[in-house]
Amino acid sequence: PEREEMFHRGPGLNLTSGQYTAPLAGFYTFSSTLHIARREPRRKRQGCRGSRLRVLICVQSCCQHNSHLESVSQLESSGDLFTISVTGTLYLQAGQYASVFVDNTAGSPLTIQSGSDFSAVLLG
């Protein structure tokens, strides 16, 4: 954790790779909230109305049906900052990892802002 109010408990989270590795097999609840800044100048955005942004939490980097969580948001032509969240439950075998992916169909440059988070909790 870079700041005092953030915490990291347990051996599964690798802050360098951004992956959570399950220490035990079981159901895990995952949550991620991303604060995103769009860095493209407004004048270039006229054609991006209706563009989508998907945030996924995937197991073993496989974002296939029934092996990931997903949230989709429409990107409007106005606005430079927005937030998107994804939450749900996935089953992981011991040693499998989960990580967050962003699929940006608009193609405009994005930056994940500080205050974004990713969590995993073993349910059993």
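Couple of notes before you dig in:
- Qualifying residues in segment 37-83 (those that are buried (at least 16 other Cβ atoms within 10 Å of the Cβ) and of a type in the set (D, E, K, R)) - the one modelled with the lowest pLDDT: Arg45
- A single member of Ser73, Ser99 is assigned to a strand (DSSP E or B) and in contact with a Gly (Cβ under 6 Å, 6 or more places away or on another chain), and it is Ser99.
- Selection from segment 86-124 of residues that are within 20 Å of Tyr28 (Cβ to Cβ), surrounded by 13 or more Cβ atoms within 10 Å (Cβ to Cβ) and not hydrophobic (A, V, I, L, M, F, W, C): Thr87, Gly88, Tyr91, Gln96, Tyr97, Ser99, Ser116, Ser119
The values are calculated or read from the model by the stated rules, or taken from the named source; none is laboratory data. Please read these numbers as outputs of a predicted model, since none were measured by experiment. All Cβ positions, glycine included, derive from the backbone under ideal geometry; neighbour counts span all protein chains shown.
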